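The values are calculated or read from the model by the stated rules, or taken from the named source; none is laboratory data. All values derive from a computational prediction rather than experimental measurement. Neighbour counts are summed over all protein chains in view; Cβ atoms, including those assigned to glycine, are modelled from backbone coordinates with ideal geometry.
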Amino acid sequence: MGLEGKIAVVTGGASGLGRATCLALAEAGTRVLVADVDAEGGRAVAAEVEGEFVRADASRLEENVALMAAAVERLGGLDLVHLNAGVAGLCGVDESFDPERYRQVIGVNLDGVVFGTHAALPHLAERGGGAIVATASLAGLTGVPFDPLYAATKHAVVGLARSLGPALAPRGIRFNAVCPGFAESRIIDPIREVLAEQGVPIIPAEAVADTVVRLFAGDMTGECWFVQAGREPEPLRFRNVPGPRSAEEEPT
């Protein structure tokens, strides 16, 4: 897909991976609508890319619906959607459990992808198709003992990508996920010092944004691309779930 002249919405676009994606899309000739709850930061990014800004809470269905409609009203349509808004879990299911925080994590990280997709589909269909990229994480591909709720939401996003890719293909709409490791963004601020002490490299936000743009420009669907320091981004090769064995295969 050529990106010149396309119209994109990026949630969580005020900083980090979202901002980097806005800049990369604008460089590719895409018109961008920046969405975030951080109005000051979002407007600044919109100014950088000569785009538009809408304050939107990804965890609220009605705000997702209004956001996608705003892209059509202000920019003339909708072709690309980067559902990127996310927050860290910062609590477990033991004595650290915080029901309010749990609902926020589910609301932003998972509902934001589901609601955003639901709100975008009619507008993408009107254009004859389009592409959605959701920000998952390496935490969606492996266990994360120090932040299990975050991992749970990102595993769900990976499952959505693998399922919605083939489900939406007949409508000309592609759905993929990007799964970065520890990348430059506000979400790593609570553990930034620990990562530095352990010598864990921080992935530049631009490296993740380049992968998002690659997913928008390609023809793949239902794929989950990991981004790790020192490795070329590529889709994870999932093993097929084994089917039932025949009686002849049963061990004796």
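Among residues of the stretch 121-143 being surrounded by 24 or more Cβ atoms within 10 Å (Cβ to Cβ) and part of a helix (DSSP H, G or I), the one that is modelled with the lowest pLDDT is 139. Which one is surrounded by the most Cβ atoms within 10 Å (Cβ to Cβ), of the residues in the stretch 145-155 that are assigned to a helix (DSSP H, G or I) and touching a helix residue (DSSP H, G or I) at 6+ places or on another chain (Cβ under 9 Å)? Filtering first and then ranking leaves 154.
Within the stretch 76-87, the residues that satisfy the criterion of being assigned to a loop (DSSP other than H, G, I, E, B) and surrounded by 19 or more Cβ atoms within 10 Å (Cβ to Cβ) are 78, 79, 84, 85, 86, 87.
Against the numbered list (1) exposed (fewer than 15 other Cβ atoms within 10 Å of the Cβ); (2) in contact (Cβ under 8 Å) with a residue 12 or more places away in the chain; (3) of a type in the set (Asp, Glu), residue 73 comes up short only at (2). For the stretch 185-198, the criterion of being in contact (Cβ under 8 Å) with a residue 12 or more places away in the chain and not in a helix (DSSP H, G or I) is met by at least one residue. The set of residues in the stretch 90-105 being of a type in the set (D, E, K, R), assigned to a helix (DSSP H, G or I) and surrounded by fewer than 16 Cβ atoms within 10 Å (Cβ to Cβ) consists of 100, 103.
Quick test of your reading of the structure: residue 102 fulfils all but one of (1) in contact (Cβ under 8 Å) with a residue 24 or more places away in the chain; (2) farther than 21 Å from residue 177 by Cβ; (3) out of contact with any helix residue (DSSP H, G or I) (no Cβ under 7 Å at 6 or more places or on another chain). Name the failing condition by number. Residue 102 satisfies every listed condition except (3). Looking across 158, 108, one residue alone is outside any strand (DSSP E or B) and touching a residue at least 60 places away in the same chain (Cβ under 8 Å). It is 158.
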